[in-house]
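The values are calculated or read from the model by the stated rules, or taken from the named source; none is laboratory data. The shown structure was predicted, so the numbers you read here are calculated from the model rather than taken from an experiment. Positions of Cβ are generated from backbone atoms using ideal geometry, with glycine treated the same way; all protein chains shown enter the neighbour counts.
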2 protein chains.
Amino acid sequence: MTIADRKVREKEELTQQILAAARSLFLEKGFEKTSIRNIADRIDYSPGIIYHYFKDKNEIFHALHTEGFSELRKKMEVLAVVENPMERLKAMGKIYIQFALKNSDIYDLMFIIEAPIDHVKDSSDPCWNEGSGAFGALRSTIKSCMDQGHFEGHHLEHITFMIWATVHGMVSLQIRKRTDIITPEEVDGIVDNGFKAFLKILDKL
Amino acid sequence: MTIADRKVREKEELTQQILAAARSLFLEKGFEKTSIRNIADRIDYSPGIIYHYFKDKNEIFHALHTEGFSELRKKMEVLAVVENPMERLKAMGKIYIQFALKNSDIYDLMFIIEAPIDHVKDSSDPCWNEGSGAFGALRSTIKSCMDQGHFEGHHLEHITFMIWATVHGMVSLQIRKRTDIITPEEVDGIVDNGFKAFLKILDKL
DNA sequence: TTGGAAATTAAACACTGTTCAGTTAAATTT
DNA sequence: AAATTTAACTGAACAGTGTTTAATTTCCAA
């Protein structure tokens, strides 16, 4: 089986090469402007080969999308040590913002870009799971907050969505350069300051 | 001058024709998938002619972008009658959400799409003005709220950004189809419910 | 009617994602 | 060792994109 094994390994290696090239090109130029030919050029193969490893450009998108979620989840894992759910919630926001602004192109892929994202609707995607996913962690943290008496009178799903949306709104306005105008003087800190204002509000709930 | 006048009129008419075709195609297929040739086909001209009326595709984008802002401003104008600033703020949110969800492609253009939007950074764009723009209205309404004692301890710019981001976050997640997963059972009402939760919070501030 | 300016076109350029008939090389069978 | 099958890979092609430009048509003024 050594030959078959090697073949499998080689195939896996080329898959990874394609993804690595796609990822780096994507970080340089963005998803839209990264072409199949760009990727092929970088790994010294012809454009056609990529279609033997991925159905189309969107499948590459999907692979990077999944990568992004598992990275975000990894960053969230360290928060397991924070016992106080309210403190944990705040820390999650901070980490989320950090992740989004430091990996804005991947965040773009995950939450902003429009794409034939059938798989995004796939609820079985692990990133959404209660146990393993980043969003499950958010929901269950907020649940714990409610168990402690916070967010009284609120529906779990609604408040979860609202909190997510607030943080997403801030970072996505920043990423898509819509913050420059409302506060032309202090663009850099606007997300941080907006988040601080949000925390001040959450503290009262 | 009648001939020169007619020429000017004709030129203006073709400009409007191009914009009308672009707008309708754009609403059908989205900005990215609307091509210069599509627009030219629809008005029975050759593709080249468009470049005599607009510098490039982005200038068409710009024109529609500006249109969108003046429409939003128009919808906001009716709120001048609402005396209570807190009530006015809530009504603004409702109208903003309505506008975004009913004109999601234009909203896309205004706040989500990535584009060489040099003009978006142009702070002189009337849509941002204190007096005439939609954002000025938001800011000054929140200022009035603060004058009445709301949002105590908050910085005007920060709370304005945060409130805007919250509403933007909700509609943009909806528009880009990221809501299906967190609440697969109730997608339709999630923005409304999230907004209601937000209002409940604002009421306490 | 003619000359020139303005409006419009057609063709080209360099790209894009994707497909597919071939070539090439390697593995299996005879 | 030779023949055959299988898989990997290529390169050219297709239909599309935004944009430029040389040529053409249209139209008005002298």
Selection from the range B:36-84 of residues that are touching an Asp or Glu at 6+ places or on another chain (Cβ under 8 Å) and closer than 30 Å to B:LEU205 by Cα: B:PHE69
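One line per residue, one yes/no per condition, for (1) exposed (fewer than 11 other Cβ atoms within 10 Å of the Cβ); (2) within 14 Å of another protein chain (Cβ to nearest Cβ); (3) within 14 Å of DNA strand C (Cβ to nearest atom):
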{"residue": "A:ASP41", "(1), (2), (3)": "no, no, yes"}
{"residue": "A:HIS65", "(1), (2), (3)": "no, yes, no"}
{"residue": "A:PHE69", "(1), (2), (3)": "no, yes, no"}
{"residue": "A:VAL78", "(1), (2), (3)": "yes, no, no"}
{"residue": "A:ASN84", "(1), (2), (3)": "no, no, no"}
{"residue": "A:GLU87", "(1), (2), (3)": "no, no, no"}
Filter result for the condition that a residue is touching a residue at least 12 places away in the same chain (Cβ under 8 Å), more than 25 Å from the chain's Cα centre (by Cα) and more than 9 Å from DNA strand D (Cβ to nearest atom), over B:ARG42, B:ARG23, B:ARG9: B:ARG42
B:ALA80 aliphatic (A, V, I, L, M), on the phi < 0 side of the Ramachandran plot and within 14 Å of DNA strand D (Cβ to nearest atom): no
Count - residues of the range A:180-205 that are at the interface with chain B (Cβ under 7 Å from one of its Cβ atoms) and at pLDDT below 85: 6
Pairs with Cβ under 7 Å, 6+ apart, first in the range B:65-90 and in contact (Cβ under 8 Å) with a residue 24 or more places away in the chain, second aromatic (Phe, Trp, Tyr) and in a helix (DSSP H, G or I): B:LEU72/B:PHE99; B:LYS75/B:PHE99
